[in-house]
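To start, the structure under review is shown below, and the notes come after it.
The values are calculated or read from the model by the stated rules, or taken from the named source; none is laboratory data. The structure displayed is predicted, hence computed values, not measured ones. We place every Cβ from the backbone using ideal geometry, glycine too, and count neighbours over all the protein chains shown.
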Amino acid sequence: MGRILCAGLGPGDPELMSVRADRAIRTARHVAYFRKRGRPGQARRIVDGMLAPEVQEYAMEYPVTTELHFGSAEYKACLAAFYDDWAARLAALAQQQDVVVLCEGDPFFFGSFMHLHTRLQGRAQVEVIPGMPGMVGCWSATQLPITWGDDVLVVLMGTLPDAELERHMRSADALVVMKTGRNLPRVRRALQAAGRLDAAWLVERGTMPGERIVPLAEVDGADCPYFAIVLVHGQGRRPEVLE
Ligand SMILES: C[C@@]1(CC(=O)O)C2=NC(=C\c3[nH]c(c(CCC(=O)O)c3CC(=O)O)Cc3[nH]c(c(CC(=O)O)c3CCC(=O)O)/C=C3\N/C(=C\2)[C@@H](CCC(=O)O)[C@]3(C)CC(=O)O)/[C@H]1CCC(=O)O
Ligand SMILES: C[S@@+](CC[C@H](N)C(=O)[O-])C[C@H]1O[C@@H](n2cnc3c(N)ncnc32)[C@H](O)[C@@H]1O
């Protein structure tokens with residue numbers, strides 16, 4: 001059985017990837033990565049200038065992202081076929097030589113590689129190199145702590161229904177909202193309803209080129225990039241500052 005190594009790349013700044021991922025990428029002969037059709041892909045962009053000249057690249061282009069609703073049968077069938085196809089191709093390739101799959105952030109944290117990982121069991125030796133999740137890069141970009149004392153941190157997806165968003169926003173101390181993109185107006189409304197809007201920050205492309213950090217209440221756009229996270233920092237218990 002060949003080996004498939006998935007390298008977590010961290011939030012975007014190449015200096016935030018692990019030494020192990022760096023080594024795997026620089027010595028790789030076969031490199032695969034996900035991307036939206038017609039775009040360079042964040043994972044591929046992060047490793048610009050790191051790949052060996054003779055490397056073979058495999059761009060795994062999503063057949064759809066927002067064109068079909070993710071709850072529809074058509075979307076599920078289309079994505080299942082896409083993952084099945086790439087799992088078979090990578091397993092065959094790995095018979096000859098190691099394959100490195102690139103993944104922005106951490107592969108096991110809402111990463112596309114999870115869908116290949118499931119399908120590759122028993123067909124290849126699969127290893128995952130952890131990466132710093134995007135949200136860590138984002139809260140560090142704000143230069144403020146995210147949790148103190150007993151704070152409960154909840155990670156939400158902007159794709160959740162409005163009522164679910166609002167319920168969690170009311171109960172948690174610190175908040176991370178991912179998959180913001182075109183869901184931004186709904187995320188904003190839910191934060192307002194939960195009384196959290198004034199404490200919320202929008203971090204677009206955290207640690208990537210074009211990074212933008214703004215108080216969410218000051219943003220009037222209906223949309224933001226897919227690579228954007230909304231944060232509410234916890235204010236939990238801590239010893240008082242005496243001086
Ligand atoms: C459908 C939707 C729903 C949802 O997120 O649940 C969804 N992606 C959406 C949008 C979207 N996706 C992408 C862009 C362009 C970004 C750009 O180029 O700017 C846009 C925006 C756009 O097209 O406008 C590309 C992309 N997506 C993933 C990666 C790789 C990675 O991150 O690993 C990359 C490459 C990024 C790169 O590196 O460039 C990964 C995932 N995306 C998934 C689903 C899951 C897989 C599908 C499945 O199996 O269901 C998974 C694995 C996440 C998971 O399963 O949690 C949501 C619509 C929400 C809505 O309705 O608004
Ligand atoms: C499919 S998930 C992938 C998560 C990734 N595996 C991780 O560990 O962060 C994509 C979502 O992650 C968030 N994200 C990841 N990295 C980010 C970054 N550097 N800046 C802003 N958002 C980011 C965005 O909310 C985006 O919609």
(request) From the list Glu204, Glu243, Glu211, pick out the single residue that is free of Cβ contacts under 8 Å to residues at least 12 places away in the same chain and of a type in the set (Asp, Glu). (result) Glu243
(message) Residues that are assigned by the TED database to the domain that holds Leu16 and within 23 Å of Pro209 (Cα to Cα), at least 1 per element: which helices (runs of 4 or more DSSP H) completely within region 29-132 meet that?
(response) 42-46
(request) Please enumerate the residues belonging to region 49-79 that are more than 13 Å from ligand 1 (Cβ to nearest atom) and farther than 17 Å from His115 by Cα. (result) Gly49, Met50, Leu51, Ala52, Pro53, Glu54, Val55, Gln56, Glu57
(message) So if I check each of Leu191, Leu202, Leu216, which one is in contact with a Leu (Cβ under 7 Å, 6 or more places away or on another chain), closer than 15 Å to Gly234 by Cα and buried (at least 19 other Cβ atoms within 10 Å of the Cβ)?
(response) Leu191
(request) Look through region 186-224, keep the residues that are within 15 Å of ligand 2 (Cβ to nearest atom) and at pLDDT below 95, and return whichever of them is farthest from the chain's Cα centre (by Cα). (result) Val219
(message) Given the options Ile25, Ile46, name the one that is in contact (Cβ under 8 Å) with a residue 12 or more places away in the chain and under 18 Å from the mean Cα position of the chain (by Cα).
(response) Ile46
